Amino acid sequence: MNSSQQRGVEPPRARGTDRSLARRAELISIGRKLFADTSYDTLSMDDIARQAHVAKGLIYYYFKSKRGYYLAIVEDSVADLITFAASGLQLPPVERVHRTIECYLRYAEDNQAAYRTIVSGGVGFDTQVHAIRDGVREAIVATIAEGAYGRSDIEPVARMGLFGWVCAVEGATLDWIDRPELPRDTMRDLLVKMLGGSLRAIEELAPAYLAPAPARRDT
């Protein structure tokens with residue numbers, strides 16, 4: 001089973017040619033713009049088709065339903081975030097962490113409706129949206145662990161410390177996009193300092209996981 005099937009997002013139709021795959025990608029690109037700041041419930045399929053300048057049946061052909069279309073859009077935009085966060089292995093750890101958090105904040109700022117859906121888990125208990133959210137969390141934890149410890153296969157106490165920080169980042173970011181009183185650079189620096197506190201707490205409970213030099217108070 002591939003990752004798209006595990007997350008419940010409808011893959012391209014089997015009979016898809018290069019042209020149809022390109023058309024599907026184009027519809028997702030259009031949808032990302034439509035849903036960037038508009039909630040799922042606000043747009044009807046008729047609205048989407050009209051604003052996208054396509055026949056409604058075309059959207060149903062590729063995605064089966066409005067929900068399938070929306071999930072494909074969310075997964076596509078989140079994939080960009082995860083790919084960017086996991087890149088830059090050649091950068092110094094501190095610079096990589098700054099870049100990862102900067103990218104995360106930009107994504108939330110530019111895709112507010114989708115970000116709220118991902119973090120809140122959708123309407124009710126939406127297992128497919130939860131799967132997307134969990135994938136983002138684990139990707140960020142792995143990225144930070146690689147930067148801090150040089151590996152992503154970390155012990156439970158270290159993982160929980162980083163996972164708790166990621167959850168705190170989600171809550172703080174939700175509040176920030178609702179009340180953008182802090183410049184993005186200040187918000188980024190605040191989250192980086194919060195991470196430093198988490199790394200020191202992890203070291204206190206698991207001495208084998210030394211906090212990187214930039215996170216230490218004695219440097």
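The values are calculated or read from the model by the stated rules, or taken from the named source; none is laboratory data. Source: prediction; values computed, not measured. Note: ideal-geometry Cβ built from the backbone for every residue, glycine included; neighbour counts use all protein chains shown. Ligands, DNA and RNA are stripped out before the accessible areas are found, and what is left, the full protein with its side chains, is counted by its heavy atoms. Shrake-Rupley method; radii C 1.70, N 1.55, O 1.52, S 1.80 Å.
Surface composition of region 89-219: carbon plus sulfur atoms hold 57% of the accessible area, using a 1.4 angstrom probe and ignoring ligands, DNA and RNA. Placing unit charges on the Cβ atoms only, positive for Lys and Arg and negative for Asp and Glu, gives region 76-209 a dipole magnitude near 140 debye about its Cα centre.
Beyond 21 Å, the tail of the calculated P(r) for the chain holds 58 percent of the Cα pairs.
From the Kirkwood radius over Cα pairs of region 40-163, Stokes-Einstein at 10 °C and 1.306 mPa s returns a whole-number translational diffusion coefficient of 98 µm²/s. On the beta carbon distance between Asp80 and His53, with R0 = 25 Å, the FRET formula returns roughly 0.55. Ordering Tyr62, Ala215, Gly197 by the projection of their Cα atoms onto the charge dipole of the chain, which places +1 on the Cβ of Lys and Arg and -1 on the Cβ of Asp and Glu, puts Tyr62 at the extreme positive end. In this entry, region 26-83 is assigned a mean projected area of 3.7 nm², taken as a quarter of its C-alpha convex hull surface. Over all other residues within a Cβ to Cβ distance under 11 Å of Ser44, the charged ones net out to 0, with Lys and Arg as +1 and Asp and Glu as -1. Heavy-atom accessible surface of the chain, averaged per residue, reaches 52 Å², computed with a 1.4 Å probe.
A straight Cα-to-Cα reach below 29 Å connects Lys64 with the lysines Lys33, Lys56, residues fewer than 8 places away in its own chain not being considered.
In the chain, the DSSP-assigned H stretches of four residues or longer account for a calculated mean residue ellipticity at 222 nm of -23000 deg cm²/dmol, using -39500 (n - 2.57) per stretch and the full residue count as denominator. Between Arg184 and Leu210, the distance separating the two model label sites (each 7 Å from Cα on the Cα→Cβ line) works out to 3.5 nm. Per-peptide packing, taken as the mean over residues of other Cβ atoms within 10 Å, places 96-103, 178-185, 209-216 in the sequence 96-103, 209-216, 178-185 from highest down. Extending 7 Å from the Cα toward the beta-carbon at both Ser44 and Asp175 defines two label points whose distance is 3.9 nm. Where a Cα-Cα gap under 19 Å defines reach, which aspartates and glutamates qualify for Lys193, not counting those fewer than 8 residues away within the same chain? Within the straight-line cut-off, Lys193 pairs with Glu95, Glu102, Glu146, Glu170, Asp175, Glu181, Asp185, Glu203, Glu204, Asp218.
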